[in-house]
Structure formats: C-alpha cells, structure tokens
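The values are calculated or read from the model by the stated rules, or taken from the named source; none is laboratory data. Just so it is clear, the structure is predicted and the values come from calculations on it, not from any experiment. Using ideal geometry, Cβ is built from the backbone for each residue, glycine included, and neighbour counts are taken over all protein chains shown. Ligands, DNA and RNA are stripped out before the accessible areas are found, and what is left, the full protein with its side chains, is counted by its heavy atoms. Shrake-Rupley method; radii C 1.70, N 1.55, O 1.52, S 1.80 Å.
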Amino acid sequence: MPQRLAAVSLLVRDYDEAIAYYTGTLGFRLVEDTPLAPGKRWVLVAPPGDLLGAQLLLARAKNAEEAAV
C-alpha cells in the first residue's frame, strides 16, 4: 500500500476565523469540526476537489509560548 500524508497541523489564532478564511477565501471544504475539550476542537479542512490528498488540521495554540513558535 502506498504511503500518503493525511494531515498537516497549522497553528491558528482562532478556529472560527481560520475556518472562515480557508473555506470562504480559499474555497477549501470543512471536513470536520469536533469539540474535544473546553477551548479545543479537531478542525480539518481540505482543498476543493481533493478527496484523497492531505488535509490541514487547524490547531489553536494553547498559550503565548506555543503561539510564538
């Protein structure tokens, strides 16, 4: 079976702002938006028309130190 990249994490400032940018501005589709814990969500977006390619996991930084990386 060939190997493939499933998702790449991308730190974002705000989940809803990032979803709006990727879906509204870039035309990506929202694959999943699942609440995990208070303030954390599992948010996956994918480029339009790409059903098997890599997705972006939009991850919110948990603190200022992580956001600075």
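Numerical summary
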| item | result |
| --- | --- |
| Every pair of residues 6+ apart whose Cβ atoms lie under 8 Å, when the first sits in segment 54-69 and is touching a residue at least 24 places away in the same chain (Cβ under 8 Å) while the second is among the aromatic types (Phe, Trp, Tyr) and in a helix (DSSP H, G or I) | 56/22; 58/15; 58/22; 60/15 |
| Single residue of segment 12-23 satisfying the filter (at pLDDT 95 or above and in contact with a Leu (Cβ under 9 Å, 6 or more places away or on another chain)) that is surrounded by the most Cβ atoms within 10 Å (Cβ to Cβ) | 22 |
| Residue, modelled with the highest pLDDT, within segment 24-69, restricted to residues that are open to solvent by 60 Å² or more (accessible area, probe 1.4 Å), under 16 Å from residue 10 (Cα atoms) and part of a loop (DSSP other than H, G, I, E, B) | 26 |
| Filtered residues of segment 21-48 (kept if touching a residue at least 24 places away in the same chain (Cβ under 8 Å) and β-branched (Val, Ile, Thr)) | 31, 43, 45 |
